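Here's the structure, in structure tokens; my notes come after.
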Amino acid sequence: MGTLDFITEELERLRREGLYNTIRTLEGPQGAWIRVDGRKVLNLCSNNYLGFGNDPRLVEAARKALDSHGIGPGAVRSIAGTMDLRLALEEKLARFKGAEAALSVQSGLIANVATIPALLDSPEDAVFTDELNHASIIDAVRLTKARRFIYKHNDTGDLKAKLAEGRDARRKLIVTDGVFSMDGDIAPLPAIVEEAEAVGAMVMVDDAHGEGVLGSHGKGIVDHFGLHGRVEIEVGTLSKAFGVMGGFISGSRDLVEYLRQKARPFLFSSAATPPDVAACIAAVEVLSASDEEVRRLWENGKKLKEGLQAAGFDTGQSQTPITPVILGEATVAREFSRRLFEEDVFAQAIAFPTVPKGKARIRCMVSAAHSPEDIKRAVDTFVQVGKGMGVRG
């Protein structure tokens, strides 16, 4: 038996159980309609919530940065120095978030990996994490030395019980997604903050799917609930609503300075490229000036949900533009996605282990770039495929 035979066997198992993920090839920029594997399709897969992924204002900002700052960062910021563009981005992000300071990093995943292990560096510490938190939070927690308490999804009663179990911890950190990406539901942040304040715990929210979506001008879940000054750490991504690449952490000046000194991804990995940073600056400026795209995103999400629900589809408990269409078995969801693609609608199946067994789905991600005609086309195609497969709808 070869040393890598287990890999072949695992790939065969994934295919057999309908869990094998075929990654399609995009042949151009993001948008409401894109070219995928040689055909033009309606795009319901992207986290490009506001349509910024190919926005001319961001593209022009990136182009100018190429001329003024080149293509590469040179080395890590703590050794080679940091470009003025990055400081400008961090200042604008802090102002946008209503925080004292912000630190930009290479991605949203990196933002969690940079923050959680740096805050919890002893077995005397404890982390309290929602059972449905994103994989990047799970991986970051695994890198800590802290005791781990996993509480039931959005259940603040169970969180309270877990906090009592870990009451003797030196440092206590509660971490939650702001918007949960598979179901589109929102964390009960006000109640979480109350529980944290009662026991002296820090609160960290990963608002990857809330940035550009929730709150005034898309400022996120803390703004949405009016909790400024009561949430110690906000983590965000610049690759979804902001349309570019990167992540950030915002909070107090001391928190950000502490991460500059202690966060391993900041200290040991080169920064984002100048064009990326410049495009992110442009995205923050656009959002700060107008909420037009945010309002259009919510309008499109509402129309899509209403259309799918009227057709009999189960869209779960989503409170945001994220719209799951829950179909049950992975094999059904994979076949449904394949038939949608044949009808020029690009919407991928999501199955175990990303979601629980029996909860496989098509996750629809609308954008401010979609037109009313696009939304109608999406609903009509779901109905057509559903009837052809004998699936509800």
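The values are calculated or read from the model by the stated rules, or taken from the named source; none is laboratory data. Please read these numbers as outputs of a predicted model, since none were measured by experiment. So basically every Cβ, Gly included, is an ideal-geometry build from the backbone, and we count neighbours across all protein chains shown. With ligands, DNA and RNA removed, areas are computed over all heavy atoms of the protein, side chains included. Shrake-Rupley method; radii C 1.70, N 1.55, O 1.52, S 1.80 Å.
The set of residues in segment 364-393 being farther than 17 Å from Leu50 by Cα, open to solvent by 10 Å² or more (accessible area, probe 1.4 Å) and either of a type outside the set (Val, Ile, Thr) or not in a helix (DSSP H, G or I) (or both) consists of Glu373, Lys376, Arg377, Asp380, Gln384, Lys387, Gly388, Met389, Gly390, Val391, Arg392, Gly393. Can you report the number of residues in segment 22-35 which are in contact (Cβ under 8 Å) with a residue 40 or more places away in the chain and either assigned to a loop (DSSP other than H, G, I, E, B) or in contact with an Asp or Glu (Cβ under 7 Å, 6 or more places away or on another chain) (or both)? The number of residues fulfilling the criteria is 4. Is there a residue being modelled with pLDDT of 95 or more, touching a strand residue (DSSP E or B) at 6+ places or on another chain (Cβ under 8 Å) and under 30 Å from Ala369 (Cα atoms) anywhere in segment 249-256? There is at least one residue in segment 249-256 that is modelled with pLDDT of 95 or more, touching a strand residue (DSSP E or B) at 6+ places or on another chain (Cβ under 8 Å) and under 30 Å from Ala369 (Cα atoms). Say whether the condition of being within 27 Å of Ser68 (Cβ to Cβ) and either aromatic (Phe, Trp, Tyr) or in a helix (DSSP H, G or I) (or both) is met by at least one residue in segment 110-127. Within segment 110-127, one or more residues are within 27 Å of Ser68 (Cβ to Cβ) and either aromatic (Phe, Trp, Tyr) or in a helix (DSSP H, G or I) (or both).
When segment 235-287 is filtered for residues that are surrounded by fewer than 17 Cβ atoms within 10 Å (Cβ to Cβ), touching a residue at least 40 places away in the same chain (Cβ under 8 Å) and either charged (D, E, K, R) or within 22 Å of Ser68 (Cβ to Cβ) (or both), the ones remaining, listed by number, are Arg253, Glu257, Arg260, Lys262, Arg264, Ser270, Glu285.
If you go through segment 328-357 and keep only what is under 18 Å from Ala135 (Cβ atoms), open to solvent by 10 Å² or more (accessible area, probe 1.4 Å), among the β-branched types (Val, Ile, Thr) and out of contact with any helix residue (DSSP H, G or I) (no Cβ under 8 Å at 6 or more places or on another chain), you end up with just Thr354.
Among the residues of segment 300-327, those identified as assigned to a loop (DSSP other than H, G, I, E, B) and open to solvent by 10 Å² or more (accessible area, probe 1.4 Å) are Ala311, Gly312, Phe313, Asp314, Gly316, Gln317, Ser318, Gln319.
Of the residues making up segment 62-73, one or more are surrounded by 15 or more Cβ atoms within 10 Å (Cβ to Cβ) and either closer than 27 Å to Ser181 by Cβ or without any contact (Cβ under 8 Å) to a residue 12 or more places away in the chain (or both). Among residues of segment 25-44 being surrounded by fewer than 17 Cβ atoms within 10 Å (Cβ to Cβ) and more than 23 Å from Leu58 (Cα to Cα), the one that is modelled with the highest pLDDT is Lys40.
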